[in-house]
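Notes to accompany the following structure.
Coordinate-derived values only; no laboratory data. Quick caveat: nothing in here was measured; it's all calculated off a predicted structure. Virtual Cβ from ideal backbone geometry, glycine too; neighbours counted across all protein chains shown.
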Amino acid sequence: MPASNDTIKEILTEAKKLKEADRQLLLKELKIRRLLADNKPIVRARKVKPLSLEEINEIKHLSRKGHAK
Amino acid sequence: MRNKRFVLDPNIYISYFISRNQNALAAFAIKHKLEFVICDELIAEFRRVLGYPRLTKFKIDIKQAVYVVTTLGTAYTLAYPIKRYIPQDENDDYLIALALQTSSGTSGDYDILSEKNNLERKFKKLKILTKAEFEQLFS
């Protein structure tokens, strides 16, 4: 049975959505690649020993307490 | 195919950044088509922790750090009200809520990990990983 106009319209709408999703994914990937290429430093201090995850976690909880005050 | 989604606790992002390993997350995202899920609450907490006095010695460029997380991440709006998931710390509930709302895996702190078994039993699609398990999965 041939597809009705409504069905074709639905398929076209879905296809457009998919294309938009693909476009967004591609855009996101390009932005991330740009980040990698730029490689701008986030931490500017040198020779500071990184903190462990436990220490960062502790700071997170302390910052929450400060925030609650 | 849909990307694999992950909600990372702010302390995981910070751990990568202060160990000068920020590119690892970007590389994971591209290589494994990962989607890092973020929300306003996560960014607010991330920003707040980075501004905490004990981290000033790192001279963190907070603006750049937020830019990296928002570029890596896809922003979702958290649906309210948020249920209670982590009895030890209700401030962690938003991470689980976000993971459940977006069908993502999540990697969290010790309070979240301590509830791993309970939550994974209750929510079959939820996967809670340590940072090491997350890295093992994609490295």
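Worth a mention:
- Overall, the protein assembly as shown carries a charge dipole of about 720 debye about its Cα centre when +1 sits on the Cβ of Lys and Arg and -1 on the Cβ of Asp and Glu, all other atoms neutral.
- Applying 1/(1 + (r/R0)^6) with R0 = 22 Å to the Cβ-Cβ distance of A:Leu26 and B:Tyr67 gives a FRET efficiency near 0.65.
- Per-residue average of Cβ from other chains inside 10 Å of B:22-30: 4
- Helix A:53-68 axis, angle to chain A major axis (alpha carbon atoms, nearest 10°): 90 degrees
- When only Cα pairs below 8 angstrom with a gap of at least 6 residues are kept, the stretch B:1-68 shows a relative contact order of 37 percent.
- Label-point separation, B:Glu135 to A:Ser4 (7 Å along Cα→Cβ), nm: 5.7 nm
- DSSP beta bridges fully contained in the protein assembly as shown are about 10 percent antiparallel.
- Tensor-based shape of the stretch A:5-68 (alpha-carbon gyration tensor, a/c under 1.5 rounded, otherwise prolate or oblate): oblate
- Average partner coverage of B:11-18, which counts Cβ from other chains inside 10 Å: 6
- Shielding by partners - mean other protein chain Cβ count within 10 Å, residues of A:30-42: 6
- Unit charges on C-beta of K, R, D, E only; dipole of the stretch B:81-121, Debye: 220 debye
- Dipole magnitude for chain A: about 700 debye, using +1 per Lys or Arg Cβ and -1 per Asp or Glu Cβ, origin at the Cα centre.
- Using C-alpha pairs below 8 Å separated by at least 6 residues, the relative contact order for the stretch B:4-138 is 29 percent.
- Taking each of A:Lys17/B:Lys124; A:Lys28/B:Lys59; A:Lys19/A:Lys40; B:Lys83/B:Lys116 in turn, the alpha-carbon distance tops 20 angstrom for A:Lys17/B:Lys124; A:Lys28/B:Lys59; A:Lys19/A:Lys40.
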